[in-house]
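Right, one structure below, let's go through it.
The values are calculated or read from the model by the stated rules, or taken from the named source; none is laboratory data. Given the structure is predicted, the values throughout are model-derived calculations rather than measurements. Because the Cβ atoms are built from the backbone with ideal geometry, glycine has one as well, and the counts that use them run over all protein chains shown. Accessible surface areas use protein heavy atoms only, side chains included; no ligands, DNA or RNA. Shrake-Rupley method; radii C 1.70, N 1.55, O 1.52, S 1.80 Å.
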Amino acid sequence: MQTLDTGRETTPNPENEPELDFITAARNLSAPALYEAAVRNNEGIVALGGPMVVSTGKHTGRSPNDKFFVKEPGSEANINWGKVNKPFEAAKFEALHRRVVEYMNARQIYTQDLFVVADPAYRMPIRVVSEYAWQSLFAQNLFIRPQADQLENFVPQFTVIDAANFQADPARDGTASSTFIIVNFARKLVLIGGTSYAGEIKKSVFTLLNFLLPLKGILSMHCSCNVGQDEDVAIFFGLSGTGKTTLSADPERRLIGDDEHGWSENGVFNFEGGCYAKVIKLSATAEPEIYET
């Protein structure tokens with residue numbers, strides 16, 4: 001489904017809170033349309049065979065020191081505050097949010113309405129708003145795509161805004177640097193800026209689920225999973241880069257997913273709709289399935 005909306009793009013907000021008001025948004029473009037937009041906008045280059053290749057600039061991975069959580073009554077008791085989960089002032093968030101929206105309003109932006117969580121009982125609608133077409137394509141590929149009829153009355157539970165080239169002012173905005181990833185559970189918003197690394201989108205959504213699902217009695221896991229012919233599930237735990245994706249890509253077993261999963265009383269399910277494999281030192285001998293892909 002491909003639509004282009006040049007009117008107002010809004011997300012429902014509680015009373016008296018500022019609207020997410022995006023003036024020009026290309027909504028739910030198809031993969032070919034996003035690919036063409038990325039090429040037209042000079043966001044990257046087309047490599048041999050057709051892949052889109054982009055540079056993420058100074059950030060080639062996540063920036064954990066720049067991640068914050070807005071401290072608010074609804075979530076603060078369930079967050080383990082410290083060096084990893086750092087608090088952020090609600091007033092500072094609102095001011096930064098307004099500046100980010102103003103920044104995005106001056107540009108052509110892209111929105112994708114998507115689902116996360118494969119189990120329908122726990123599925124969550126999200127909206128990803130990005131400055132780059134290729135980041136919108138990334139989100140579409142990684143998360144679960146709704147059917148056309150599911151988009152007609154789509155209301156996101158959370159919205160992720162990625163203003164890749166917006167630079168924060170730490171003195172003014174209360175951030176640690178010009179880069180920021182800020183989660184606000186009360187406003188159901190994630191703000192990302194100062195980094196073009198699209199993995200921040202993916203991991204921010206995992207952060208949301210890592211907070212919400214355990215409150216429903218579901219174990220959220222950073223792992224890969226596959227299943228055998230006898231419905232025996234194998235789970236592979238490990239830090240990023242330790243081989244979870246490689247180990248789960250077994251030709252004799254069906255892949256459930258390679259990175260983020262939930263474990264409920266009914267079984268194990270993927271959070272995503274795609275896979276995310278590193279290609280550094282990729283070997284046709286050691287990782288034939290990933291290499292062929």
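If you roll a 1.4 Å probe over the range 160-293 with all protein chains in place, what percent of the accessible area is carbon or sulfur?
Numbers: 3280 of 6180 Å².
Result for the range 160-293: 53 percent of the exposed heavy-atom area is carbon or sulfur.
Listed highest first by mean packing, meaning other Cβ atoms within 10 Å per residue, what order do 105-114, 158-167 come in? Please report the intermediate quantities before stating the final value.
Values: 105-114: 19.7, 158-167: 22.0.
Listed from highest to lowest mean packing, they are 158-167, 105-114.
Using a Gaussian network model on the chain with a 10 Å cutoff between Cα atoms, which of Phe143, Phe180, Phe88 fluctuates the most?
Phe88
With bins 5 Å wide starting at 0, give me the P(r) of the range 208-275 over every alpha carbon pair, in whole percents.
Binned Cα distances yield the sequence 4, 19, 27, 25, 16, 7, 2, 0.
Taking the chain, how many lysine pairs are there with alpha carbons less than 14 Å apart, if each pair must be eight or more places apart or span two chains? Could you put the intermediate results ahead of the total?
Details: Lys67/Lys83; Lys67/Lys86; Lys67/Lys202; Lys67/Lys203; Lys71/Lys86; Lys71/Lys92; Lys71/Lys188; Lys244/Lys278.
Close lysine pairs under the 14 Å cut-off: 8.
Quick one: 3J(HN,Hα) in Hz for the range 155-168, Karplus 6.51/-1.76/1.60 with θ = phi - 60°, rounded, Gly and Pro as x.
10, x, 7, 9, 10, 10, 10, 10, 9, 3, 9, 6, 10, 6
Rounded to the nearest whole Å², what accessible area per residue is found for the range 131-272 with the 1.4 Å probe?
Numbers: 5770 Å² over 142 residues.
Accessible area per residue, the range 131-272: 41 Å².
How big is the Cα convex hull of the range 157-231 in projection, averaged over all directions, in nm²? Can you show the working numbers first?
Details: hull surface 28.2 nm².
That works out to 7.0 nm².
Given only helices, namely DSSP H runs of n ≥ 4 each adding -39500 (n - 2.57), what is the per-residue ellipticity at 222 nm of the chain, to the nearest 500 deg cm²/dmol? Numbers along the way, then the final one.
Numbers: 7 runs with 64 residues, N = 293.
Here the helix-only value at 222 nm equals -6000 deg cm²/dmol.
With the dipole of the range 119-246 worked out from charges on the C-beta (+1 for Lys and Arg, -1 for Asp and Glu) around the Cα centre, which of Pro214, Gly194, Thr245 lies farthest toward the positive end?
Of Pro214, Gly194, Thr245, it is Gly194.
Give the percent of DSSP beta bridges with both residues in the range 84-188 that are antiparallel, rounded to the nearest 5. Don't jump to the answer; show the numbers that get you there.
On the way: 8 of 13 bridges.
Taking every DSSP beta bridge with both residues in the range 84-188, the antiparallel ones total about 60 percent.
Just the Cα atoms of the range 39-156: what Rg and Dmax do they give in Å?
In Å, with Rg to one decimal and Dmax whole: 17.6, 52.
Given a 1.4 angstrom probe, what's the average accessible area per residue across the range 18-116, in square angstrom? Intermediate results must be reported in sequence, preceding the final value.
On the way: 5240 Å² over 99 residues.
Per residue, the range 18-116 has an accessible area of 53 Å².
Please identify, among Lys188, Lys58, Lys202, the residue showing maximal mean-square fluctuation in a Gaussian network model of the chain using a 10 angstrom Cα cutoff.
Looking only at Lys188, Lys58, Lys202, the biggest GNM fluctuation is shown by Lys58.
Would you kindly give the portion of the calculated P(r) for the range 21-70 that falls above 14 Å, as a percent of all Cα pairs?
For the range 21-70, the fraction of Cα-Cα distances above 14 Å is 68 percent.
Taking only Cα atoms and a 10 Å spring cutoff, compute GNM fluctuations for the chain and point out the largest among Phe206, Phe237, Phe93.
Phe237
Under the rule of at least 5 residues apart or a separate chain, name every residue whose amide H is placed under 5 Å from the amide H of Lys86.
Phe69
Binning at 10 Å from 0, report for the range 106-215 what percent of all alpha-carbon pair distances ends up in each bin.
Here the calculated profile for the range 106-215 is 14, 46, 31, 8, 1.
Counting only Cα atoms, I'd like the Rg/Rh figure for the range 116-170, Kirkwood definition for Rh. Kindly include the intermediate steps, with their values, before the conclusion.
Working: Rg = 13.3 Å, Rh = 12.8 Å.
Rounded to two decimals, Rg/Rh equals 1.04.
Give me D for the range 138-278 in µm² s⁻¹, whole number, from Stokes-Einstein with Rh from the Kirkwood sum over alpha-carbon pairs, 10 °C and 1.306 mPa s. Walk me through the intermediate numbers first.
Values: Rh = 16.9 Å.
After rounding, the answer is 94 µm²/s.
Based on DSSP, what percent of beta bridges with both residues in the chain are antiparallel, to the nearest 5? Walk me through the intermediate numbers first.
Numbers: 33 of 52 bridges.
Looking only at bridges with both residues in the chain, the antiparallel portion is about 65 percent.
Over the chain, what is the relative contact order in percent, taking alpha-carbon pairs closer than 8 angstrom and at least six residues apart? Walk me through the numbers before you get to the answer.
Numbers: 540 pairs, mean separation 45.3, N = 293.
Here the relative contact order equals 15 percent.
Whole-Hz Karplus ³J(HN,Hα) for the range 241-248, in order, using 6.51 cos²θ - 1.76 cosθ + 1.60 and θ = phi - 60°, x for Gly and Pro?
Each residue's phi maps through the Karplus curve to give x, 9, x, 4, 4, 4, 5, 7 Hz.
Hey, can you rank 29-36, 193-200 by average C-beta count inside 10 Å, highest first? Intermediate values should be presented prior to the final figure.
Values: 29-36: 17.0, 193-200: 23.5.
Sorting 29-36, 193-200 by mean packing, highest first, produces 193-200, 29-36.
Where nothing but the Cβ of Lys and Arg (+1) and of Asp and Glu (-1) is charged, how large is the charge dipole of the range 135-207 around its Cα centre, in debye to the nearest 20? Spell out each step's value before the answer.
Values: 6 positive and 6 negative charges, 33 e Å.
Charge dipole of the range 135-207: 160 debye, to the nearest 20.
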